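Report on the structure given below.
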Amino acid sequence: CRRVLRSYLMADAPLYTSTRERRRQTDLADFYALLKASEAVEKAYARGAVSAADYETACSQLMAQFRASEAALTGDGTIASTEAFFAQWRVDCPRARDRLLRVGAPATHLQKGDAVDA
């Protein structure tokens, strides 16, 4: 009886049953990865672990990928909004949320703008 229960518990649970569901799961995983990567880049820049040029390149690329992915996921109804995604999946990425949803530009762009305005 224990062997049967153990083999049942150890069996793989399918995440999807069709190509469409597999694509949906992959798209959601990619979106989550973009949020986590953005959070990591923001932390690294804040700590001085990455140069301004490297930060700007990485941040700009991640922002472009984020916008494209967000548009695709909201467009096909997979997610209602990025905020809803954050809440549903309990995503804890405050720096990425701020950069991607509120600010919308790398910190280096804002610093350049401050220097020009001064």
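The values are calculated or read from the model by the stated rules, or taken from the named source; none is laboratory data. Treat the numbers as computed from the prediction; the structure is a model and nothing was measured. A quick note on method: Cβ atoms are made from the backbone with ideal geometry, for glycine too, and the neighbour counts reach across all protein chains shown. Note: accessible area is taken over every heavy atom of the protein model, side chains too, but ligands, DNA and RNA are not part of it. Shrake-Rupley method; radii C 1.70, N 1.55, O 1.52, S 1.80 Å.
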Problem - Solvent-accessible area, 1.4 Å probe, carbon plus sulfur percent, for the chain - result: 53
Handout entry: Residue-averaged [θ]222 nm for the chain, counting only DSSP H segments that reach four residues, each worth -39500 (n - 2.57)
Key = -22500 deg cm²/dmol
Fill in the blank from the handout: Each label sits 7 Å from Cα toward the beta-carbon; between residue 67 and residue 33 the label points are separated, in nm, by 2.2
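What longest region of the chain stays clear of trypsin sites (Lys or Arg not before Pro) that DSSP places outside H, G, I, E and B and that have at most 11 other Cβ atoms within 10 Å? List each step's numbers first, then the result.
Working: sites that count: 47, 90.
Formally, the longest exposed-site-free interval is 1-46.
Once the other residues with Cβ under 10 Å from the Cβ of residue 14 are scored (Lys, Arg +1; Asp, Glu -1), what is the net sum? Mind showing how you got there, number by number?
Values: positive: 22; negative: 12, 21.
Summing Lys and Arg as +1 and Asp and Glu as -1 gives -1.
Taking only complete DSSP H runs, can you tell me which helices of the chain stretch 20 Å or more along their own long axis by Cα positions and average at least 0.0 on the Kyte-Doolittle scale? Don't skip to the answer; put the middle values down first.
Details: long enough: 19-46 (40 Å, -0.80); 52-75 (33 Å, 0.03).
Length and hydropathy pass: 52-75.
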Exercise for the section: With percent of Cα pairs over 22 Å apart defined as stated, name the option among (i) 47; (ii) 42; (iii) 26 computed from the structure displayed. Expected result: (i)
Exercise for the section: Determine the dipole magnitude for the chain: charges of +1 sit on the beta-carbon of Lys and Arg, -1 on that of Asp and Glu, nothing else is charged, the reference point is the Cα centre, and the result goes in debye to the nearest 20. Expected result: 720
